[in-house]
Structures are given as structure tokens and as C-alpha cells.
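The values are calculated or read from the model by the stated rules, or taken from the named source; none is laboratory data. As the structure is a prediction and not an experimental result, all values here were calculated from the model. Every residue, glycine as well, gets a Cβ built from its backbone with ideal geometry; the counts of neighbours run over all protein chains shown.
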Amino acid sequence: MTTSLEHEPLTGFSPFAMTSPVHVPRERYFDRAFFELENEKLWPRTWQMACRAEEVPDPGDFAEYEICDQSVLVVRQQDGSVRAFENACRHRATQLAVGDGRFSGGQIVCPFHGWRWNLDGTSSFVFHEEQFAPECVRPDDLKLRECLVETWGGCVWVNLDRDARPLGEALGPAAALLDGLGVQNMRVKFWKEVILNANWKMAQEAFFEGYHVLQTHPQLWQVGAEATMPALYEVYEKGHGRFAGGSEFAAMSADTFIEMMRLLWEGQDAMTLEREVRLFEGLRHKVAPDESFPLAAVGAIYDYAQGAGIPMPPIENAGMWGGGIFLFPNFMMLPMWANSLSYRSRPYNNDPEWCRFEVWSLETYPVGDEPRDRPAVGRYDKKDAENWGLIPRQDFSNIERQQRGLHTRSFDALRLATEWERLISNMHEELDRYLAR
């Protein structure tokens with residue numbers, strides 16, 4: 001099943017525009033003019049996941065978010081709220097901070113000439129202010145330029161467009177699905193990044209469907225067969241979409257189910273973690289032959305979580321486990337139990353054919369026992385078997401091959417399955433609405 005959308009026709013021009021939901025012009029992934037239009041009309045006007053909330057846990061903590069040639073600082077305020085500022089000194093444009101850290105003494109200090117700002121962006125000091133004409137040091141002009149900022153789902157979101165619609169309106173209705181899965185309770189288990197020789201859209205589209213499992217992840221297919229294929233695809237307004245897990249889940253035998261979960265844990269250390277696998281193995285011989293082992297396993301997870309103090313989503317929402325929910329333009333979550341995979345894809349080095357692809361493994365911890373350390377990203381080569389499990393390495397192997405194949409002279413457009421790959425064209429159709437404004 002795929003939700004059908006009737007979109008309003010474009011009111012302006014978008015190069016290499018989508019004219020069919022089953023074709024994507026190849027130039028959208030490498031054309032320099034198209035890429036520059038994204039930089040001009042998409043990234044400055046859309047809500048983006050800038051950082052995990054636990055990256056800025058205490059007042060004065062900051063995290064930098066980079067998108068193309070723009071840099072934004074997310075700063076935790078004294079009252080616990082967050083603000084986001086364009087990362088440039090009002091004097092001579094020096095970047096005020098890089099990466100993440102803490103502004104000591106509650107002051108943002110320019111490393112070039114020592115101009116200072118309070119955490120709320122108001123100017124607190126100009127070195128030898130008397131040397132400047134009055135029109136150069138007006139207090140309103142010296143304030144750091146703010147971006148819109150909101151928090152949702154354990155993340156901080158920013159928008160460079162001060163007139164943008166609220167985050168809740170922009171992410172609906174897809175975000176509401178994740179609300180019911182307890183994503184706000186999840187914390188970072190690991191955060192990794194890979195640099196890929198592929199367009200940012202090409203990288204994320206690899207995870208918009210389950211159609212690739214048979215060939216790309218044969219170990220999963222051989223164990224779970226049809227249970228690994230999503231049974232439901234839905235697309236929504238504003239470019240969002242989701243797919244839901246396989247319909248044969250409840251009928252899996254104990255051995256098949258446990259082996260599938262073990263492969264997921266060993267292959268990516270996300271969604272299903274070691275604690276779940278050990279729980280399932282302990283249940284193997286305790287379920288009657290006429291009972292559904294997967295359903296008994298779910299019950300065991302809830303029993304364990306109750307005893308451990310781990311908040312779980314309502315059991316009626318469990319049907320969305322094992323699928324994926326995409327939030328336009330570049331963020332995705334794949335929830336399972338009280339865990340999730342999370343993806344973010346961004347251009348790299350202002351090049352349409354390179355991207356930064358980030359992966360989070362998220363886990364729900366017992367209340368009061370959440371990790372205290374700020375999460376840090378590790379950047380690893382796509383073939384690094386010590387830091388990437390088998391499943392992401394298999395996925396990465398295809399993404400760069402796709403990008404190279406786009407330049408084949410006889411290839412003009414992607415040809416998409418009407419249902420299984422509809423999330424891809426829906427995302428491109430929303431992108432066109434930004435570019436045509």
C-alpha cells in the first residue's frame with residue numbers, strides 16, 4: 001500500500017524537474033547549477049536536525065552545525081533553553097567556535113580580536129570601542145544573528161529562515177508517528193560518520209526501501225525471507241514518508257527469529273542490541289510450540305523493561321517497529337523495541353558528488369541511568385570493518401557505485417518501483433517545491 005498524493009503544480013521553475021513519480025532525472029544528483037539552487041533555496045529555508053540534545057547538556061555548551069557554506073552554533077542557555085546563532089563575528093566575520101565545547105564564563109569570545117557576547121547573543125564587550133564609528137557598534141547591530149530553533153525527538157532543530165513555519169507543522173504528520181515510539185527518551189549509544197563519493201540524496205535514498213535486502217544483505221534474506229520485506233509504504237505531504245515491517249513477523253520460528261535478531265545486532269549494533277538478543281535466547285525453550293515466539297519475545301521485552309525502569313512506548317505502537325520514518329529533507333529514524341537507528345545526510349566540501357553520512361545508534365536507558373558523557377562523532381572509512389558492522393558496509397558499497405553509474409552516457413533517469421520506491425520520488429517532489437519558489 002502506498003498513500004497517493006495529489007500535489008499542486010509548481011508555481012515556478014525547477015531545473016530537471018520531476019514530471020513523473022517513477023522517474024528521477026540523473027542530473028539532480030550531480031549538476032552544479034542544481035546543487036547551487038539547493039544551497040540557495042532549500043538549506044536556508046528548511047528545518048534541519050542540527051544536533052542531539054545531549055550534545056549541549058549544560059549552560060554554556062555549544063555544538064556547531066554545518067550545512068554547505070553555512071555554520072550555525074547551537075548554545076544551551078542559563079535557563080536550560082537553546083538558541084542558535086549564525087557562526088560569524090559581527091566585526092570581521094571570524095567563526096566564533098568550531099566543533100563542540102563550552103563557552104567558559106558564559107561568554108562567547110571571538111578568537112581574533114576578543115569581542116564578546118553573552119550566551120543569548122547580546123554584545124558584552126568590544127575591545128577599544130572608542131576606535132569605531134557609532135554606526136558600527138550599535139547594540140542591535142552587534143547582536144549575533146539568530147536562527148529559528150526548536151527541540152523535538154531528543155534533537156535540536158534549526159531553520160535559517162526567521163519566517164519559517166513552526167517545526168511541528170513542518171514535520172507533521174510523520175513526526176507524530178515517532179512521538180508514539182518514545183524517541184524522546186532515547187540517548188546516543190554511538191555516533192559515526194562516513195564520507196562518501198555520492199550526492200547527499202543518493203546516500204539517504206538507499207535506506208528508503210526494503211527492496212534491496214535480497215541482493216545487498218543476503219544474510220538477512222536467507223534467514224528471514226519475506227519477513228524482511230516491508231509490507232506497507234506511505235508517503236505524506238511535505239516530503240515525509242515511512243515504511244513498516246514485514247507481515248510474516250509473528251509467524252517466525254524461535255530459531256529464525258533469534259538468528260535474525262542476532263544478525264541485526266552483530267551487523268550494525270543498532271535497533272536490536274545485545275541485551276535483546278540475550279533476552280530472546282533465554283526464552284528459546286520456554287515458549288509452547290503453538291505460541292508465537294516473536295509475540296512472546298515482545299512480551300518479554302516489556303516485562304524486562306518494567307523491572308529495569310526502562311520507559312517503553314505503548315504496546316499498540318509496536319507495529320511500527322522494524323520500519324523506517326523519513327523526515328524531509330535529510331533525517332531518518334528506524335525504530336525497534338526501545339532503540340533506533342538514526343541517519344543524517346549532508347553535502348560535503350561544497351561538492352554535489354560528495355556527502356557526509358552520519359549514523360546514530362540510539363538506546364533507551366533506565367530512568368536516572370542515562371549516559372552522562374556528551375556524545376562524540378567518530379569518522380571512519382567506509383571499509384573499516386572494526387568500526388562499521390557488516391550491514392552498513394554492504395549499504396555503503398552500493399552508494400558510490402550508483403553515483404558513478406549516473407554518468408553513463410546512455411543512462412538518463414532512475415526508474416522507480418511504483419510502491420516500494422515511492423518515498424524517493426516524494427522527497428524529490430517536495431524538493432522541487434522549494435527550488436521553484
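PRO311 fulfils the conditions (1) part of a strand (DSSP E or B); (2) touching a strand residue (DSSP E or B) at 6+ places or on another chain (Cβ under 7 Å) except for a single criterion, (1). Screening PHE208 against (1) closer than 27 Å to LEU73 by Cα; (2) touching a strand residue (DSSP E or B) at 6+ places or on another chain (Cβ under 9 Å); (3) not charged (D, E, K, R) leaves a single unmet condition, (1).
Matching residues to (1) in contact with a Lys or Arg (Cβ under 8 Å, 6 or more places away or on another chain); (2) polar (S, T, N, Q); (3) closer than 29 Å to ARG379 by Cβ:
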site: GLY121; (1), (2), (3): yes, no, no
site: GLU135; (1), (2), (3): no, no, no
site: PRO139; (1), (2), (3): no, no, no
site: LEU160; (1), (2), (3): yes, no, yes
site: PRO166; (1), (2), (3): no, no, no
site: ALA175; (1), (2), (3): no, no, yes
site: LYS189; (1), (2), (3): no, no, yes
site: ILE195; (1), (2), (3): yes, no, yes
site: ALA203; (1), (2), (3): no, no, yes
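Against the test of being more than 30 Å from ARG433 (Cβ to Cβ), touching a Phe, Trp or Tyr at 6+ places or on another chain (Cβ under 9 Å) and either among the β-branched types (Val, Ile, Thr) or outside the structural domain of ALA417 (by TED's automatic domain parsing) (or both), the options THR256, THR216 yield a single qualifying residue, THR256. Taken over the stretch 180-223, the criterion of being surrounded by fewer than 20 Cβ atoms within 10 Å (Cβ to Cβ) and among the polar types (S, T, N, Q) is satisfied by GLN184, ASN185, ASN197, GLN215, THR216, GLN219, GLN222.
Residues in the stretch 283-322 that are surrounded by 11 or more Cβ atoms within 10 Å (Cβ to Cβ) and of a type in the set (Gly, Ala, Ser): SER292, ALA296, ALA297, GLY299, ALA300, ALA305, ALA308, GLY309, ALA318, GLY319, GLY322.
Residue by residue, here is whether (1) within 30 Å of ARG372 (Cβ to Cβ); (2) small (Gly, Ala, Ser); (3) under 15 Å from the mean Cα position of the chain (by Cα) holds:
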residue	(1), (2), (3)
MET186	yes, no, yes
VAL213	no, no, no
HIS217	no, no, no
MET261	yes, no, no
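A count restricted to the stretch 45-89 and to residues that are charged (D, E, K, R) and either assigned to a strand (DSSP E or B) or surrounded by 21 or more Cβ atoms within 10 Å (Cβ to Cβ) (or both) stands at 8. Scanning the stretch 383-433 for residues that are in contact with a Pro (Cβ under 8 Å, 6 or more places away or on another chain) and assigned to a helix (DSSP H, G or I) yields ARG422, SER425, ASN426, MET427, GLU429, GLU430, LEU431.
Residues considered: THR364, THR408. Of these, the only one that is crowded, with 17+ Cβ neighbours inside 10 Å and either of a type outside the set (A, V, I, L, M, F, W, C) or at negative phi (or both) is THR364. A search for C-beta distances below 7 Å between a residue of the stretch 263-284 that is in contact (Cβ under 8 Å) with a residue 60 or more places away in the chain and any residue that is surrounded by fewer than 16 Cβ atoms within 10 Å (Cβ to Cβ), counting only pairs 6+ apart in sequence or on different chains, returns GLY267/LEU390.
Residues are listed down the side, and each one gets a yes or a no for (1) within 24 Å of the chain's Cα centre (by Cα); (2) modelled with pLDDT under 95:
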site: PHE249; (1), (2): no, yes
site: MET252; (1), (2): no, yes
site: ASP269; (1), (2): yes, no
site: PRO314; (1), (2): yes, yes
